[in-house]
Amino acid sequence: MTKLTWVLTRSGWSAARNVRGMAHHSRVLAALIPGPARSGRVRLLGEDGTSLDTNPDSVPDLAARVAEIEREHRPRWLWPCIAEGYPALLAAGVRVDRGHDALLAEGILLNYHGQHGQPRGLAAAWARTQGLPAPADPPPARPDSQPALFEPEPEALPGGADPMDALIAVYLAQRKQMAATEHPDRVRLLAAADSAGALAAVEMSHHGLPWRVDVHEAILTDLLGPRPPVGARPRRLTDLAERVSAAFGGLDVNPDAPPSVVRAFRRVGIDVPSARARVIEQVDHPAVEPLLEYKELSRLYSAHGWHWLDAWVHNGRFRPEYVVGGVISGRWATRGGAALQLPKVLRSAVRAEPGWVLVSADAAQLEPRVLAALSRDDRLAEVSADADLYASLARDSFADDRGRAKIAMLSAMYGGTSGEAGPLLAILRKRFPDAVNYVEDAARSGEQGRMVRSRLGRTSPAPGAAVRDWGADGVEPTGADERRSRQAAREWGRFTRNFVVQASAADWAAALLAGLRGRLAGQAPTAELVFFQHDEVLVHCRAEDADTVVHEVSAAAESAGALVFGRTPVRFPLEATVVDCYADAK
C-alpha cells in the first residue's frame, strides 16, 4: 500500500476513490476517439494496454456505446482531449465518472522536464513516442461550434498512425514517464486530479451558472443609464467624459485614450507616467474623481455590458469555456466571458432557480495554510488551526494587529521588503523559521536559474537569459549587464518564491474539485457544480439537498488536504453558505 493510499484509507474519505482510482490504475480502461457526427471509436483495455474488446471499435452511436460501457465497467476513459470530446456526450445525456486526459498529462510531463510551451496534443505526443518531430497543436475547438457542411478530415498523425493505437501508446508512454519521476504517486495524482477537473469543467459549462438577465440589465441601467445605440457611449459615461474635459478647462480629452489623458495632465503642469488608475489616484486635481469613476464604469460596460449578456447568457444560464491549468501555476483560465473576473456588483444576478439554492464555499487564507503544510512548520500549523489565520497570527506574533500580520505573511510569500514589510518579515522569520526558509529557498533557486515544483509536481518555467547568465557557473556579468542580471534574478526569485505556494494551492484545489465532483454524484446527484475559481466553488442544488452538499463540501476540503499533503495538522477550512443569491454569500 502506498503512502498516499494509506493516508486516504486513514482519513476515511470514501469518495476519494474517484481521484485515487484514476491515479492508481483501475481494472478496466476504455480508449475513446470521437468521430464525425454521432460516431466514434471505443476500445476496452487491460491495465497494460492490451485489448479486451472483441467488438469492432467503430460505432455509429458513440454516446450509446459509452453509456453501455460506463454502466457495465465504470472504466477509466482515455481521451485525446476531454474538453473537445466530452461536451457531445453530455449533450446526449451521458456522464462518465473518471478519465485520463492525454493532452493535460502531456503538458504536466513536458513542464516537469522544463519543456514548457511545447505542443501537447495527440499528434505531438505520438510523435515523441516515435522519436519524430512534434507538429504544432491545432487551435482549440469551441465545444459549442457547429461542424461545417463539408468539414475536412482531421489531420493525419505523423507516420500515418492509427489514432486509437496512437492514443493507447501515448497513455502507456505517459504512465512510464510518471513512474520515472521523483515522486510518481504525486505526479499520477496531479494528472488524475486535472483530468477530473477537465470533466468537471465541461459539466459546469453544460449546466451553466444561473443568471438573471433582468437583474443584470437593471444594474447596468442604474449605473450607466439606458442601453445606448451601437457605437455610442452610455449616458453616464458621456456625462463623466464631459466632467473630465470641464475639469481640464474645456480641453478635448478622451478618457478612453491614455495618451489623451496624459497630455491633458501635462498641459496643466502635472507630469504623470501613465493614465493607470493607481497612478491617477495619487494626483490632486478636480479631474481625478470623474476620471476614476469613468474608468470603473467603462470597464464594467466593456467587459460585462449588454453585449456580454447577448453573447454569453442564454436560457437563463451563463456558460463559459473553462481552461483547466490555463495558467502556469495550475490555476484555471477561461476562453471568453471573463468568468473568473466577475465584478462583485453583478453577483446579485446569480440566483438559484425556484426550489433550488446556491451553496457557496471558499477557502480561508488558503496560501498561508499551504505554506504551513509544505514547510512542515509546526508553529505555523498551530496558528492555522483557527478559521481566521491572520487573526491567530496577529495574536501570536504581532500584538493582535491583524493588518501587520497579513503584511508580514504576504511579504514572505511574495517577496515584499519595502516600507514596513522588511521589519515585519524579520519577526515572521524569527517566529516561523521553517516556513520562511521554505519560500526563501525557492527564491534562491529561481535566482540561480533552477526550476521549482509544487507539492504534486507542477513545475516552474525556465528563467530568461539574464537570470541564466547570472546563475551560471563561471559567468561574471559586469557593469550594466551585471545590474540587469541581478535585477532579473531577483524578479525571477520572487516568481519562484510564490510559485511553490500558489501552484501547491492549485494542487489542493484540483484535488478538492475532483473529490467534490465524485461526492456529489454519489450523495446528491441532482446537485450541479456551476462555478469554480481558484479556491472557491459554487453548487446549485435542490433546497432539500443543501445540508448534504454543505457536508460534502467540508469533507472534500478536509480530504484534499490529506490527499495532497499527507499527514498534516494544518486545517483547510472551506466554510459553505446556503443562499438564494450569490451576492448574499459574501
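If you go through region 402-431 and keep only what is crowded, with 18+ Cβ neighbours inside 10 Å and under 17 Å from residue 365 (Cα atoms), you end up with 404, 405, 406, 407, 408, 409, 410, 411, 412, 413, 428.
Of all residues in region 382-396, those being outside any loop (DSSP other than H, G, I, E, B) and open to solvent by less than 10 Å² (accessible area, probe 1.4 Å) number 4. Residue 110 falls short on exactly one of the conditions (1) out of contact with any helix residue (DSSP H, G or I) (no Cβ under 7 Å at 6 or more places or on another chain); (2) modelled with pLDDT under 95, and that condition is (2). The residues of region 79-95 that are in contact with a His (Cβ under 9 Å, 6 or more places away or on another chain) and surrounded by fewer than 24 Cβ atoms within 10 Å (Cβ to Cβ), listed by number, are 87, 90, 91. For region 227-256: of the residues being among the small types (Gly, Ala, Ser) and at pLDDT 95 or above, which is most open to solvent (accessible area, probe 1.4 Å)? Ranking the qualifying residues of region 227-256, first place goes to 246. The residues of region 317-333 that are part of a loop (DSSP other than H, G, I, E, B) and under 10 Å from residue 205 (Cβ atoms), listed by number, are 319, 320, 321. With respect to the conditions (1) closer than 30 Å to residue 398 by Cα; (2) at pLDDT 90 or above, residue 457 lacks only one, and its number is (1). If you go through region 286-321 and pick out every residue that is more than 30 Å from residue 528 (Cα to Cα) and in contact with a helix residue (DSSP H, G or I) (Cβ under 7 Å, 6 or more places away or on another chain), you end up with 11.
Being more than 31 Å from the chain's Cα centre (by Cα) and either acidic (Asp, Glu) or open to solvent by less than 50 Å² (accessible area, probe 1.4 Å) (or both) holds for only one residue in 268, 262, 313, 279, and it is 262.
The residues on offer are 361, 399, 373, and the sole one that is open to solvent by less than 50 Å² (accessible area, probe 1.4 Å) and either in a helix (DSSP H, G or I) or out of contact with any strand residue (DSSP E or B) (no Cβ under 9 Å at 6 or more places or on another chain) (or both) is 373. Please indicate, with yes or no, whether at least one residue in region 424-440 is modelled with pLDDT under 95, among the small types (Gly, Ala, Ser) and closer than 16 Å to residue 488 by Cα. Checked against the condition, which is being modelled with pLDDT under 95, among the small types (Gly, Ala, Ser) and closer than 16 Å to residue 488 by Cα, region 424-440 yields no hits at all.
The values are calculated or read from the model by the stated rules, or taken from the named source; none is laboratory data. This one's a predicted model, so the numbers in the text were calculated from it and none came from an experiment. For neighbour counting, all protein chains shown are included, and Cβ atoms are generated from backbone atoms with ideal geometry for every residue, glycine included. Keep in mind that these areas ignore ligands, DNA and RNA; they rest on the heavy atoms of the full protein, side chains included. Shrake-Rupley method; radii C 1.70, N 1.55, O 1.52, S 1.80 Å.
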